1. Does Ala140 meet the test of being in contact with a strand residue (DSSP E or B) (Cβ under 6 Å, 6 or more places away or on another chain) and either modelled with pLDDT under 95 or closer than 23 Å to Gln88 by Cβ (or both)?
2. Has segment 229-242 got any residue that is over 20 Å from the mean Cα position of the chain (by Cα) and either surrounded by 15 or more Cβ atoms within 10 Å (Cβ to Cβ) or modelled with pLDDT of 95 or more (or both)?
3. Exactly one of these conditions fails for Glu110: (1) modelled with pLDDT under 90; (2) within 28 Å of Thr303 (Cα to Cα). Give me its number.
4. Those residues that are free of Cβ contacts under 8 Å to residues at least 60 places away in the same chain, open to solvent by less than 40 Å² (accessible area, probe 1.4 Å) and part of a loop (DSSP other than H, G, I, E, B), I need them from segment 115-145; list them, please.
5. Name the pairs: first residue in segment 287-312 and touching a residue at least 12 places away in the same chain (Cβ under 8 Å) and hydrophobic (A, V, I, L, M, F, W, C), second residue open to solvent by 50 Å² or more (accessible area, probe 1.4 Å) and not in a helix (DSSP H, G or I), Cβ to Cβ under 8 Å, at least 6 apart or on different chains?
6. Looking at (1) surrounded by fewer than 16 Cβ atoms within 10 Å (Cβ to Cβ); (2) under 21 Å from Arg30 (Cα atoms); (3) modelled with pLDDT under 90, which is the only condition Lys268 fails?
7. So which residues in segment 102-114 are assigned to a helix (DSSP H, G or I) and buried (at least 17 other Cβ atoms within 10 Å of the Cβ), if there are any at all?
Amino acid sequence: MKFLNVSAPIALNNTAQPKLALIAEGGGQRGIFTAGVLDAWLEEGYDPFDMFIGTSAGSQNLTSYLARQKGYAKRLIRGLSRNKRFFQLGRGLVGKHIVDLDWYFDKTTEANRAIDFATAKQSLGERELLITATNSRDRAPYFLSPTGESHQWRELLKASSALPFLYKQGVKLTPWLDARAANESSAPDDTIGLGKVQPQADFYLDGGLAAPLPVREAYNRGARKIVVIRTVNAHFQAQSAWVHKLRSLVCVSGYCPKTIDYLVQHEKAYQQELAFIANPPSDVEIVQIFADEKLQSKLLGSTDNDLKHDHKVGVAAGKAYLLQHNVTEQNKRSEIIKDDSTPSAFNEYQSITSALVAKQLASNQLSRQQSAASQRLSA
């Protein structure tokens with residue numbers, strides 16, 4: 001069942017209605033799970049959201065989702081992020097970037113790897129896309145809005161993915177970071193010339209440092225149903241996946257106090273978001289999408305087989321969410337029909353919808369069995 005015409009922009013922002021938000025967590029190469037979820041939704045033309053917030057790899061996934069480029073994020077993660085040019089620990093010993101984001105995003109300007117920013121802007125319409133980044137000076141989270149211009153959008157994505165220590169000082173967003181892009185109110189005239197450092201003079205780092213899971217931000221901006229695509233397992237509590245890897249790199253390369261401070265800040269912010277999710281306000285619904293089995297990919301250094309596996313797991317999770325969405329919507333409709341119809345008409349409707357759901361469940365089960373058989377044969 002198709003949910004909408006994917007070529008047409010939809011604008012669901014309405015001050016009289018609560019907003020529906022989609023949040024995509026970061027996680028480096030583990031973002032290929034998110035790519036799978038979104039590819040499943042693109043296959044069905046599913047995009048009912050009013051607001052999008054992406055952190056690090058999550059912001060890249062949301063951009064390709066809005067660009068309607070099914071399979072794009074999967075191709076880049078399996079290709080560019082596994083290229084030897086992208087990640088070299090030895091470069092850090094000579095003062096260079098360990099993770100070469102400049103090379104990575106330059107590659108996305110090539111014809112066969114280009115992000116369709118024009119389509120992304122059109123499909124976004126009047127809705128909100130917020131790309132998280134951390135200010136390297138005040139370490140505060142910023143929620144940055146792309147203007148639609150491709151170079152500016154690409155730089156925001158780079159800033160959101162710029163891990164400290166791996167990408168040195170971060171990304172300088174001048175001249176694009178104005179009050180509108182940063183989602184800030186304009187500074188009063190009397191602050192000019194008083195020696196205060198303006199955002200335009202700052203460098204920006206990975207959004208996961210200050211806003212690893214920006215559920216509270218979505219709520220504060222009016223979202224009352226929040227869908228969160230997670231790149232960790234459902235029982236995760238202590239640390240996000242990339243922290244383990246980054247700490248090990250710091251230990252190998254020497255003590256780095258500023259980086260350690262960032263890690264401590266990240267842990268605190270993550271715990272605060274998890275606490276909000278565990279005990280949300282009564283007027284919000286939070287839906288988390290997890291993998292139904294352990295993800296095999298890592299922050300960096302994943303094998304291609306690991307990445308292919310996790311993308312398939314993501315596609316399955318995306319389809320499962322759509323099925324549950326259908327069941328929920330059918331239940332709502334059945335309640336309306338029950339109120340307005342005769343008992344016999346309602347029973348007939350309920351019988352038909354139950355049969356459709358059972359058929360879809362059987363089809364999904366058969367697909368999983370065929371996929372498992374294919375993996376056994378290939379092994």
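1. Answer is no for this residue.
2. no
3. The one condition Glu110 does not meet is (1).
4. Across segment 115-145, the qualifying residues are Ile115, Ser145.
5. Val287/Lys225; Phe290/Asn233; Phe290/Ala234; Ala291/Asn233; Leu295/Asn233; Leu300/Phe87
6. So the condition that Lys268 fails would be (2).
7. Within segment 102-114, Tyr104, Phe105, Lys107 meet the criteria.
Here is a yes/no grid of residues against (1) farther than 24 Å from Tyr219 by Cα; (2) modelled with pLDDT of 95 or more:
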residue	(1), (2)
Ser7	yes, no
Pro18	no, no
Ala24	no, yes
Phe33	yes, yes
Asp39	yes, yes
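The values are calculated or read from the model by the stated rules, or taken from the named source; none is laboratory data. Please read these numbers as outputs of a predicted model, since none were measured by experiment. Cβ atoms come from the backbone with ideal geometry, glycine included; neighbour counts cover every protein chain shown. Each accessible area value is taken on the protein alone, full model and side chains, heavy atoms only, with ligands, DNA and RNA left out. Shrake-Rupley method; radii C 1.70, N 1.55, O 1.52, S 1.80 Å.
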